[in-house]
1. Using a Gaussian network model of the chain whose springs link C-alpha atoms within less than 10 Å, name the residue from S56, S70, S150 with the highest mean-square fluctuation.
2. Take every Cα-Cα pair in segment 14-100 and report what % of them are more than 18 Å apart.
3. Using helices alone, what [θ] at 222 nm do you get for the chain, with -39,500 (n - 2.57) per DSSP H run of 4 or more residues, divided over all residues and rounded to the nearest 500?
4. Any idea what angle helix 175-187 forms with the longest principal axis of the chain, computed on alpha-carbon atoms, 0 to 90 degrees, nearest 10?
5. Which order results if I15, I109, I38 are arranged by neighbouring Cβ count within 10 Å, fewest first?
6. How far is the Cα center of segment 60-90 from the Cα center of segment 108-172, in Å?
7. HN-Hα J couplings of segment 117-129 from phi, Karplus 6.51/-1.76/1.60, θ = phi - 60°, integer Hz, Gly and Pro as x?
8. In the Gaussian network model of the chain, springs joining C-alpha atoms below 10 Å, which of K151, K113, K16 carries the largest mean-square fluctuation?
Amino acid sequence: MKEEFPGQKSKEKLIKTLRKNPVIFVKKIVKFFIFLAISIFLMVYVSQLSVFSSISNYINIAALCGVIFSLSYGFYVWVCWYYDVYILTTARIIEVRQKGLFNREVREIDLDKIQDVTYNVSGVLSTIMEVGNVKIHSASGMQVEIESVSKPGIVREVIVKLMEKKGAGKKDLSADDIAKALAERLQS
């Protein structure tokens, strides 16, 4: 069996890998570009003014620190987005959450242990872009929240169908058919 993700169990098929919609980072991206633009403006224009000639070296150092800080912040935001992954398989749902650069948390819920699946979409931009959260509750009280995913209603529907097929005792969940249907619904 070809392993499609680390920790994949035997006879478990990958259905879909989900990530947070990049639209949720609009505020962080705007902050990044504003701070970067201010730093570059200070470095290029303000330090050249004759009024600030005595402290132009200090302005350049501060602006360079601002550029380094803003690029570091941009990298940090990207890493947290890229490594936050939600994996739907024929046996379980896995949440991999990146908390900082060197801290990662992994949770999983078996499909047969899921009791409730809900979703919500809140806010004007989220409603227009169809971005929301899917909450999955297990029998043990554990909760996995798929945050800021595109088309959360469809994701919820797929999880419920997987639960129903798993609960019916079907050994082969035809992951290829489910993955194909999911991909078609998410594209529309």
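1. S56
2. For segment 14-100, the fraction of Cα-Cα distances above 18 Å is 59 percent.
3. After summing the helix terms and dividing by the residues of the chain, the value is -14500 deg cm²/dmol.
4. Approximately 40 degrees, to the nearest 10.
5. Listing I15, I109, I38 from fewest to most nearby Cβ atoms yields I38, I109, I15.
6. Each part's Cα centre sits 28 Å from the other's.
7. Calculated HN-Hα couplings, in order: 10, 10, 9, 9, 10, 9, x, 5, 4, 5, 5, 5, 8 Hz.
8. It is K113.
Throughout, read-outs are computed from the coordinates displayed, never taken from laboratory work. Just so it is clear, the structure is predicted and the values come from calculations on it, not from any experiment. Reconstructed Cβ throughout: ideal geometry from the backbone, glycine too, with neighbour counts over all protein chains shown.
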